[in-house]
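What follows is a short report on a single structure.
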Amino acid sequence: MRLSFIDSPTSFVLAISDANAALVTFGLYSLIVLGLAILSHRLLSSRSFLAEYFLGSRSLGVWPFMFTFAATSASAGSFAGFPSLIYAHGWVLALWIAGYMMVPLIGMGLLAKRLNRMARQSGSITLPELMYSRFGHGSVAVVATTLIVFLLTFYLVPQFKIASIILQSLMADVPIWHQSALLLGAMTSTIPYLNQADPGYLLGLLSFSIMVIAYTSLGGFRAVVWTDVLQGIVMFTGVIIMLVLVLQQVGGLSKATNTLAKMTPPVLCDATFSRTEKTATEPILIPSESWFELDDSEGKPKRLFRINEIARILEKKNDSKPVKCVEILSQYERDLFQSWKEKKKAVIVPANVLAKVSNEKPYQHGAGQTGVYVSAPGPNFNDVNGFLPIAVAISFFMYWAIGGAGQPGSMVRLMAFDSVKTLKRALALLVIYFGVIYVSLVLIFCCSRVLIPGLDQTPDRIMPLLSMHLASTAGIPWLGGLLMAAPFAAAMSTVDSFMLMISSSLVRDIYQRGFNPDVSEKTVKRLSYFCTVAIGVIVMFAAVNSPKFLQILIVFTGGGLSSAFLIPIFYAMYWPRFNNTAAIASMLAGFFSYLSLYAAGVYIHQAAKPYLLLSQDPFLWGLVVSAAVGYFVCKATPPAPLGIQKKFFGRGQQAAQ
Amino acid sequence: MNEPSTQSEGEATFEYDPAYLNALRELYVMGRLWVISLVWSMGYCALFAYRSPDANEPVAIIWGVPSWVLWGIALPWGFCSVVTIWFALFYIKQDDADLLAAEALLEESFKKSESDVF
């Protein structure tokens, strides 16, 4: 067994300059966000506190409304999870995301006009408050508030964690960041709960939490909206720049897709490294994404591998721990490696170590097949049926559009625009915004496999790696920081909205309505600030050692919210007869049927996976049950009081203060 | 399309708000477009996107994208985008003049009461 190597000092020099640029970009970004929060805090003092703090005085214009709606919908998943899926499975992700063609119309159009009008007619600031006014009974608001507070708190924990991981990746090579992490590690080494977390992650979590808690609690809804505008612009600009650079560097879309069509999935494996000189004791660090070749079969070409994690041979030890690795099989990728090797662009495992490969596993669907990255169902390591069978594709098509409409975070935004004229223009702009963002992401990351092959064990790193690669190749290091700010911005815009929603539910729906209707504005102010800060701090501590299954927690809580809220709110907006009993029944039936399918999945699969009845997502079954129960209970019980029906559905009703 | 102009369920009746009737009419258009996009996109892709592991012929690529993406996703996406923009700018009724007028009055009286206090 023989290893070949090339030293590549240039890549490390680039990494350091990119990292400093990332630090400067991030610093500027943070300053702008805090500046916006201070400006909105000033505005707070000149308007009615509650309406301004939780709903921006219902005065959002076209651009703020469009951007805040779009930014709230696009979580960190859009810029971290989605690119990694495209990288791993190819063009089939265009089919997976196809439902987004209807997201602007259904997500914004389905409820916007009615929700906004009814909130104005009743003077409601929060969703439970609107339900209280619509049904004339407190019980529906209590159920809604409980579900919102419970599910959104769970939703926030993984969002904090993802944002902290992104920040940690962004700053990975910045010296001052390392020093601060070491200092924090020393400070927390004796604190029982905190000392279990990686100091770098802890620093990321602390920085993110301080920033997001400060601007959300200080500026309220308006600060959140303004930062959403900033974040929306960052995301849009970042994606456009990436698209231009990627197409330029890959030699055009046709070339990239034709190359992708010839690629076959790699073999996933583990690699262990050991010293060639057993007498040496100094530690050896092998960077992630290093290449190595093995010449272990006579008469055949050398086998080519790329590691996906940092490998360390510690002082006085002879072997590293096993690290994730892929064996490259496509001729194009092998040729690319040879060309990088000749130009000294590849980071290669040093000559003083030997590599051993173990645990080799081929893809269950797509192994050895060309064309698998440009057709459905797409390659899949875990499933012989491929990544996206057609039944699952249909399920996703419905999930994106309808699921988005049912999110309480989006509903609150629909209560905040200033007129139908604004809605009309924002809807038209949203079509363009989502179209550009999602189509571009598919194009960019289909090309990314051609530019950066062999990341199949850790595809979630493709976003930062591609950003740095594009910026370095184009000779614009600061651009790397801007491009990587996009997923961070997406995480922030989701977190701030949900923190404010929980805070408004606690202050307005529980304290003010349930315990102290005559509370003074001064007390409400203090309570609102306190609640927003307290929620942020609690979630931050929960995220220090959060559960492993982050993605499933995000999907579960997102689907649970839609299953519980979409149908009751839809009926409430469009069906005058719909009453309090039916609303509660519909909400609980939707949520518990959804929960049951998750519980059944855990029981059947013995893993954190939902049970897909007829290959459809539990969320869709939740909606079906919620709709049926809501309909039949409403038919079986007396209609909503006539006064309420007249107020919300009758001619000549006025706005409330 | 015949739409109710008065409430028909329960004991009493009242005249419906035109804004509510407009929203219902707009809802039907949204529903139809959603069904068209679902049938077009999923139908086409079910027939042409899926490839048997034994298939020998290469996937057709047009303008740099697989042909099934172009006809089954890009084209319906473009169609839906154009219809949605038309729907937003020309079909949705701007029917909140009554609310805006009432809010302007409320705002005015709020400012007046504030100036009286100070």
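Observations
- The simple Förster model, with R0 at 30 Å and r as the Cβ-Cβ distance, assigns A:LYS609 and A:PHE632 a FRET efficiency of 0.45.
- Peptide A:369-381 - average C-beta neighbours from other chains (10 Å radius): 4
- Surface calculation, 1.4 Å probe, protein heavy atoms: A:HIS178 sits at approximately 100 Å² accessible.
- In summary, the lysines within cross-link reach of A:LYS321, defined as a Cα separation below 18 angstrom excluding same-chain residues under 8 places away, comprise A:LYS278, A:LYS356.
- Sequence-ordered 3J(HN,Hα) estimates for region B:34-43 from the Karplus curve with 6.51, -1.76 and 1.60 and θ = phi - 60° stand at 4, 5, 4, 5, 5, 5, 4, 5, 6, x Hz, glycine and proline given as x.
- For region A:125-171, dividing the convex hull volume of the Cα atoms by the residue count gives 61 Å³ per residue.
- Considering region B:63-108 at the alpha-carbon level, its Rg and Dmax are found to be 19.9, 59 Å.
- Here the relative contact order of chain A, from alpha carbon pairs under 8 Å that lie six or more residues apart, stands at 28 percent.
- Peptide-level mean, for B:73-86, of C-beta atoms on other protein chains within 10 Å: 5
- Taking the alpha carbon gyration tensor of the protein assembly as shown, multiplying each eigenvalue by 5 and rooting it gives semi-axes of 49, 31, 23 Å, largest first.
- Listed pairs A:LYS317/A:LYS344; A:LYS302/A:LYS324; A:LYS324/A:LYS344 exceeding 28 Å between Cα atoms: A:LYS317/A:LYS344
- In region A:159-290 the Cα-Cα distances spread across 10 Å bins starting at 0 as 9, 20, 26, 26, 15, 3, 0 percent of all pairs.
- DSSP beta bridges fully contained in the protein assembly as shown are about 90 percent antiparallel.
- With at most 14 neighbouring Cβ atoms within 10 Å, loop GluC sites (Glu not before Pro) (DSSP) excluded, longest segment of chain A: A:316-657
- Cα gyration tensor category, rounded, prolate or oblate, for region A:491-640 with a/c compared to 1.5: oblate
- Computed over region A:195-254, the P(r) tail beyond 15 angstrom holds 69 percent of alpha carbon pairs.
- Compared with the dominant Cα axis of chain A, that is its longest principal axis, helix A:175-188 is turned about 70°.
- On Cα atoms only, tilt of A:580-605 relative to the major axis of chain A in degrees: 20
- Computed over region A:205-349, Cα set: Rg, Dmax in Å: 22.5, 69
- The protein assembly as shown - percent of accessible surface contributed by carbon and sulfur, probe 1.4 Å: 65
- Per-selection Rg to Rh, region A:283-433 - Cα, Kirkwood hydrodynamic radius: 1.19
- Size-normalised alpha-carbon gyration radius of region A:154-233, reference 2.2 N^0.38 Å: 1.24
- Computed from protein heavy atoms with a 1.4 Å probe, the total accessible area buried between A and B is close to 5700 Å².
- Within the same chain, lysines fewer than 8 places from B:LYS93 are excluded, and of the rest, those with a Cα less than 27 Å from its Cα are A:LYS113, A:LYS421, A:LYS424, A:LYS646, A:LYS647.
- Surface exposure of chain A, expressed per residue as accessible area with a 1.4 Å probe, stands at 37 Å².
- Computed lengthening from A:LEU43 to A:SER274, 0.36 nm per intervening residue step minus Cα-Cα distance: 76.9 nm
- Residue-averaged beta-carbon neighbours from other chains (10 angstrom radius) around A:115-125: 2
- Helical runs (DSSP H, four residues minimum) scored at -39500 (n - 2.57) apiece and divided by the length of the protein assembly as shown put the mean residue ellipticity at 222 nm at -21000 deg cm²/dmol.
- Relative contact order of region A:53-189, pairs being alpha-carbon contacts under 8 Å that are 6 or more residues apart, as %: 17
- Centre separation in Å (Cα based) which lies between region A:272-345 and region A:592-657: 54
- Region A:367-482: proportion of alpha-carbon pairs further apart than 24 angstrom, %: 50
The values are calculated or read from the model by the stated rules, or taken from the named source; none is laboratory data. Source: prediction; values computed, not measured. For neighbour counting, all protein chains shown are included, and Cβ atoms are generated from backbone atoms with ideal geometry for every residue, glycine included. SASA here: full protein model, heavy atoms, side chains in, ligands and nucleic acids out. Shrake-Rupley method; radii C 1.70, N 1.55, O 1.52, S 1.80 Å.
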